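Working notes for the structure below.
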Amino acid sequence: QAQPVLFKHRLKNEEVEEGGTAMLYCELTKPNVPVEWRKGETVLQTSDKYEIRQEGTRVELLIYDAEAQDA
């Protein structure tokens, strides 16, 4: 039976100045597993505002031009 995918390192709070770029990342126990980034109930998609990267076990979310409502 396959082992479940777990977080090796959980997300940490990130502070960034308004207008800056925030980068959140997590490390998984298995590579290339699909990950959904959410803000509340909204699933975030790659756009001018958000960039989602995944390489091996590392998954990143970049938030460009950060504003207070991105918290």
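Ignoring ligands, DNA and RNA, what percent of the accessible area of segment 7-71 is carbon or sulfur (1.4 Å)? Heavy-atom surface of segment 7-71 belonging to carbon and sulfur, 1.4 Å probe: 46 percent.
The residues of the chain expose on average 79 square angstrom of accessible surface per residue, using a 1.4 Å probe on protein heavy atoms. Taken about its Cα centre, the chain carries a charge dipole of about 580 debye when Lys and Arg each add +1 at the Cβ and Asp and Glu each add -1 at the Cβ. Between ASP65 and TYR25, the contour length at 0.36 nm per residue exceeds the Cα-Cα span by 12.6 nm. Toward the positive end of the charge dipole of the chain, with +1 on the Cβ of Lys and Arg and -1 on the Cβ of Asp and Glu, the farthest Cα among VAL35, SER47, GLN3 is that of GLN3. The lysines whose alpha-carbon is closer than 19 Å to the alpha-carbon of LYS30, local same-chain residues fewer than 8 away aside, are LYS8.
Please work out the Cα convex hull volume for the chain and give it in Å³ per residue.
Roughly 94 Å³ of hull volume per residue.
Sorted on the mean count of surrounding Cβ atoms within 10 Å across their residues, most packed first, peptides 31-41, 16-26 read 16-26, 31-41.
The values are calculated or read from the model by the stated rules, or taken from the named source; none is laboratory data. Note that the coordinates shown come from a computational prediction; the quantities given were computed from them, not determined experimentally. Methodologically, a virtual Cβ is constructed for each residue, glycine included, from the backbone with ideal geometry; neighbour enumeration extends over all protein chains shown. Calculation scope for accessible area: heavy atoms of the full protein, side chains included, ligands and nucleic acids excluded. Shrake-Rupley method; radii C 1.70, N 1.55, O 1.52, S 1.80 Å.
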